[in-house]
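Worksheet: the structure to be examined is printed underneath.
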Amino acid sequence: MEVDRETATRLLSLQGNVEKTIKGKPDVIRLAVISLLARGHLLIEDVPGVGKTTLAHSLARSLNCSFRRIQFTSDMLPSDILGVSVYNPTIQDFEFKPGPIFSNVVLADEINRTSPKTQSALLEAMNESQVSVEKQTFALPRPFIVMATQNPMEYQGTFPLPESQLDRFMMRIRMGYPDTEDERKIFRTHSLNGSMESLDPVLSIEEVLHLQTLADGVQVDESLIDYVLRIVKATRDHENLQLGVSPRGGLFLLKTARAMALIQGRGYCIPDDIKAMTMPVLAHRVIVSGRPGDYGQDGDDAERIIRDLVEAVPVPL
């Protein structure tokens, strides 16, 4: 498959538009765009004040699509997300009122602040792009992406996401602090992010769906599929991992590698595409066992294990 100049221009314009509000984070923006192209959901995990919410909002404003922000709290109910049936006296029957999940881009802000029952309301939506309410099933709009945020340093009043929920997120990324020069620009402009109001859409819904189809069509050689299988198996056999990567994780690794190749202007994958996506796609899917060895039990150790085992798996020639 050949990637034409128009496709490359569209992808560059999308990334460039988001960069107007998110300063000095081109790699983070690229990963967010990859998640969109690969039809996946994104977990943005970092400390407050680094632009997690703004990244989601900027991506939504760059697309001519619907956007809803859900501020998760401890007293939130599943119906606050999915919607509820209300009796309509005009038709003398119950009528379904859709909740905020019925949007193209959904910002699940501070997702770990709500109860597991409410968190689980997102599972069907994230996995099947539909919701079931009172024996009725409703399709969600396309494209559909959940961009969730959480602060990993905060524990009081939070509910850690279970493995089943984490596995639904295609990627977990961290914003990180800006470098010195970018932070200097922020101080000079008195704004952490650029003006959101001046951000205009650069892609239509139809164009996004077309780009997603192109990403699906990126060629992956059989040797690269074997490479992904070896990486996934290595996580399951690692002595310091209690839980390895699921088949869904391996599939997501291939999907993101295809999207990465498309962004790079190629219609085929190379091993570097897969290696580049292993950390954001796989690190949050494994659980460190805490057995005696060189690793502990926190997120950084999971990333170190993924990094080490990827380096150890032979790259196809």
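Of the numbered criteria (1) in the same structural domain as S35 (by TED's automatic domain parsing); (2) surrounded by 15 or more Cβ atoms within 10 Å (Cβ to Cβ), the one H238 fails is (1). The lone criterion from (1) in a helix (DSSP H, G or I); (2) exposed (fewer than 14 other Cβ atoms within 10 Å of the Cβ) left unmet by M126 is number (2). Looking at segment 1-117, the strands (runs of 3 or more DSSP E) lying wholly inside it that each contain 2 or more residues that are on the phi < 0 side of the Ramachandran plot and among the acidic types (D, E) sit at 93-98. Taken over segment 66-76, the residue count meeting the criterion of being under 17 Å from N112 (Cβ atoms) and touching a Lys or Arg at 6+ places or on another chain (Cβ under 8 Å) is 3. Is it the case that some residue within segment 78-96 is of a type in the set (F, W, Y) and buried (at least 17 other Cβ atoms within 10 Å of the Cβ)? Within segment 78-96, none of the residues are of a type in the set (F, W, Y) and buried (at least 17 other Cβ atoms within 10 Å of the Cβ). For segment 45-77, the candidate set comprises residues that are modelled with pLDDT under 85 and hydrophobic (A, V, I, L, M, F, W, C); within that set, the residue that is surrounded by the fewest Cβ atoms within 10 Å (Cβ to Cβ) is V47.
The values are calculated or read from the model by the stated rules, or taken from the named source; none is laboratory data. In this text, all values refer to a predicted model and were calculated from it rather than measured experimentally. Neighbour counts run over all protein chains shown; Cβ positions are idealised from the backbone, glycine included.
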